[in-house]
Amino acid sequence: MKDLHELVNFKSGSPQFRIIESLDKDAPCYRLYSQSDLLSDLTGIYTADAENKEIRTKDTVHTLTAGDIVFSLITGKAALVQPMHEGYLYTQNYIKIIPIVLFDARFFVYLLNEDASVRKQLFLGLQGSQVLKYTLQQLKALQIRRLPALEKQQMIGNVYVKQLRLEALQKRAAELEKVICLAKLAEAGK
């Protein structure tokens, strides 16, 4: 067992309250990474109507790159940033996880999201807290079991990502079937 900080480095997001917004049209404009972005990165299902807050600032801010592992301190979930969220500004509610040792990023997302030992450690860290939010210290102290061989990590990570996508597509299909059924019932009731 190793502490997570022995395997990765962490980069906290930009404190949103410290970012000075600019009215200058030449100032860079950033979209803020949100919980719905994290969910879409996790499932591969994107909604066209997602409206992200935008900030214009000349401040130096932290942004995401496709392939980054990002962890939400709000939900305790990790995701692999997809190309459509490249350049998004991430706030203090997110931590970028930067590997020190070689591992498969999808497997690592699986490990943080699904491993029973990791989930238990994260849950126990929330006990007695007024505001249910995870902390960087809690993340750093996570005890991680010995990682399997890289080839096995890749297999597990690929299956995990595909399963999440399948589950999201099935949920979307069920919701659409319900809408169609309700529309037909409403039409029949006229």
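Derivation of every value follows stated rules applied to the coordinates shown; laboratory data play no part. On a predicted model such as this, the values are computed, not experimentally measured, just so you know. Ideal geometry is used to build each Cβ from the backbone, glycine not excepted, and the neighbour counts take in all protein chains shown.
About the Cα centre, and with charges only on the beta carbon of Lys, Arg (+1) and Asp, Glu (-1), how big is the dipole of the chain? Nearest 20 debye, please. Can you show the working numbers first?
Numbers: 25 positive and 21 negative charges, 99 e Å.
So the magnitude is around 480 debye.
Starting from the Cα-Cα distance between GLU177 and LEU132, subtract it from 0.36 nm times their residue separation and give me the gain in nm to one decimal. All intermediate terms of the calculation are to be shown ahead of the outcome.
Details: separation 45, 0.36 × 45 = 16.20 nm, distance 3.50 nm.
Going from the current span to full extension adds 12.7 nm.
Provide the descending list of Cα extents for the chain along its principal axes, expressed in whole angstroms.
Computed over the Cα atoms, the extents are 65, 49, 38 Å.
Can you name the helices of the chain, as whole DSSP H runs, whose Cα span along the helix axis is 24 Å or more and whose Kyte-Doolittle mean is not below -0.5?
On the way: long enough: 150-188 (57 Å, -0.05).
Long hydrophobic helices here: 150-188.
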